[in-house]
Amino acid sequence: MTNGLRLVLFGPPGAGKGTQTRLVSDDLDVQPISTGDLFRSNLEKQTPLGIKASEYMTQGILVPDEVTIDIVLDRVMSIHSDDGFILDGFPRNTAQANALDEALGRRSRPLDLVISIDVPEEEVVSRLSGRVVCRSCQTPYTLAGNGQESERRCDRCGGELYQRDDDNPDAVRKRLEVYQSETLPLLDYYRERGVLVEISGVDTVENVNNQIMALIQRVSKPQDKE
Ligand code: AMP
C-alpha cells in the first residue's frame, strides 16, 4: 500500500480518468478529487457554485479560474500533508497548474506523478455518446446500445443513470477543442518537471489500471511501502 501519493490523472474527456481515479483511490485509500464531480454534485444540490459552473459546463468550456482554483486548492490543502490525493480534471490550464505547484510547494510536497491517459479523438467521441453516469455517485457506465438498459441503476449505489448535458455532440466537440488549446500544453509543463508518464487508454479498464498501479509502485518511496 502506498501512503501519501500525490497523483494527477490527465487526459481528454472520456479517457477513463474518472473510472481509474475511483479504482486507484479505493485501492490505495487516497482521496479522489474530481472537479467535474464537484461541480455536478453542487448542481444537483442547486448551490450557487453548481449553478454558476453549469453555465460553462453545458457549453463545454472551462469554468473560470477565479471559481475553480480556490475550491480545488481548499480541498487539496484540507488533506493532511502526509496523506495522498488523486486529481481528476485539475489542472486544466497553466494558471491552475502554477497555482497547484505553488500550494504544494508551500508544504514541500510536490506532485509525485502525472499520468496522461491518451485516447484518440474518434474514440473519445464514440465513448462519450454511449456514456451515462450515476446522478448520486457519478460513476460512469457505457451503454451497450441495445435499448434494453433504460431501467438500469448504478451498480455502486443504486442511483439513477443519466446522460450528461455536456456529452452531446456540440459540447463534446467544444470540450475537445478546449482540451487541445488549453489543457494539452500542460504535457510539456509536467514533462519538463520530470513527473509525466504517458500511457495508452485504448485498452480494457483492467489493463489500464494495471499500468497505472505499476507506475505508482515505481514512484513509491521505500518508507511508504508496508
Ligand atoms: P469533466 O467531468 O472532467 O469532464 O468536467 C466537466 C466540465 O466541468 C468541464 O467541461 C468544465 O466545464 C468543468 N471543469 C472540470 N474541471 C475543470 C477545471 N479544472 N477547470 C475549469 N473547468 C473545469
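The values are calculated or read from the model by the stated rules, or taken from the named source; none is laboratory data. Bear in mind the structure is a predicted one, so any value in this text is a computation, not a measurement. Counting neighbours? That spans all protein chains shown, and the Cβs are built from the backbone with ideal geometry, glycine included.
Please pick out the residue among 29, 37, 88 that is surrounded by 20 or more Cβ atoms within 10 Å (Cβ to Cβ), within 23 Å of residue 155 (Cβ to Cβ) and not basic (Lys, Arg). Write out each step before concluding.
On the way: 29 fails: surrounded by 20 or more Cβ atoms within 10 Å (Cβ to Cβ); 37 fails: surrounded by 20 or more Cβ atoms within 10 Å (Cβ to Cβ).
Residue meeting the stated conditions: 88.
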What number of residues in the stretch 172-213 are touching a strand residue (DSSP E or B) at 6+ places or on another chain (Cβ under 9 Å) and small (Gly, Ala, Ser)? 2
Please specify each residue of the stretch 36-58 satisfying the condition of being part of a helix (DSSP H, G or I) and closer than 16 Å to residue 134 by Cα. 36, 37, 38, 39, 40, 41, 42, 43, 44
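Could you say which residue among 28, 73, 43, 49 is within 16 Å of the chain's Cα centre (by Cα) and not hydroxyl-bearing (Ser, Thr, Tyr)? First the steps, then the outcome.
Numbers: 28 fails: within 16 Å of the chain's Cα centre (by Cα); 43 fails: within 16 Å of the chain's Cα centre (by Cα); 49 fails: within 16 Å of the chain's Cα centre (by Cα).
Exactly one of 28, 73, 43, 49 is within 16 Å of the chain's Cα centre (by Cα) and not hydroxyl-bearing (Ser, Thr, Tyr), namely 73.
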Across the stretch 26-35, what is the total count of residues that are in a helix (DSSP H, G or I) and under 22 Å from residue 96 (Cα atoms)? 1
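Taking the stretch 80-92 as the region of interest, how many residues are modelled with pLDDT of 95 or more and more than 8 Å from the ligand (Cβ to nearest atom)?
From the stretch 80-92, those modelled with pLDDT of 95 or more are 85-92; that's our starting set.
With more than 8 Å from the ligand (Cβ to nearest atom) added as a condition, the list becomes 85-87.
Qualifying residue count for the region: 3.
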Looking at the stretch 93-109, is at least one residue within 12 Å of the ligand (Cβ to nearest atom), modelled with pLDDT of 95 or more, outside any helix (DSSP H, G or I) and out of contact with any strand residue (DSSP E or B) (no Cβ under 9 Å at 6 or more places or on another chain)? yes
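State which residue is surrounded by the most Cβ atoms within 10 Å (Cβ to Cβ) when the search covers only the stretch 195-216 and only residues that are part of a helix (DSSP H, G or I) and either in contact with a helix residue (DSSP H, G or I) (Cβ under 8 Å, 6 or more places away or on another chain) or at pLDDT below 95 (or both). Quick ask: steps written out before the conclusion?
First, the residues of the stretch 195-216 that are part of a helix (DSSP H, G or I): 205-216.
Cutting the leftovers down to either in contact with a helix residue (DSSP H, G or I) (Cβ under 8 Å, 6 or more places away or on another chain) or at pLDDT below 95 (or both) gives us 205, 208-209, 212-213, 216.
Numbers: 205: 13, 208: 22, 209: 17, 212: 24, 213: 16, 216: 21.
Looking at residues that are part of a helix (DSSP H, G or I) and either in contact with a helix residue (DSSP H, G or I) (Cβ under 8 Å, 6 or more places away or on another chain) or at pLDDT below 95 (or both), I get 212.
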Looking only at the stretch 120-139, and only at residues there that are within 15 Å of the chain's Cα centre (by Cα) and either surrounded by fewer than 20 Cβ atoms within 10 Å (Cβ to Cβ) or among the polar types (S, T, N, Q) (or both), the one that is farthest from residue 208 (Cα to Cα): 137
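Quick one: which helices (runs of 4 or more DSSP H) lie wholly within the stretch 110-194 and hold at least 2 residues that are of a type in the set (Ser, Thr, Tyr) and more than 12 Å from the ligand (Cβ to nearest atom)?
On the way: elements: 121-129, 169-178, 186-192.
Of the helices (runs of 4 or more DSSP H) lying wholly inside the stretch 110-194, those with at least 2 residues that are of a type in the set (Ser, Thr, Tyr) and more than 12 Å from the ligand (Cβ to nearest atom) span 121-129, 186-192.
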Cβ-Cβ below 7 Å, separation at least six or inter-chain, first residue in the stretch 47-58 and closer than 18 Å to residue 175 by Cα, second more than 9 Å from the ligand (Cβ to nearest atom) and in a helix (DSSP H, G or I): which pairs? 53/42; 53/43; 54/43; 58/165
Looking at residue 71, is it of a type in the set (A, V, I, L, M, F, W, C), free of Cβ contacts under 8 Å to residues at least 12 places away in the same chain, in a helix (DSSP H, G or I) and over 23 Å from residue 215 (Cα atoms)? no
Complete set of residues in the stretch 18-42 that are near the ligand (Cβ under 10 Å from one of its atoms) and among the charged types (D, E, K, R): 37, 40
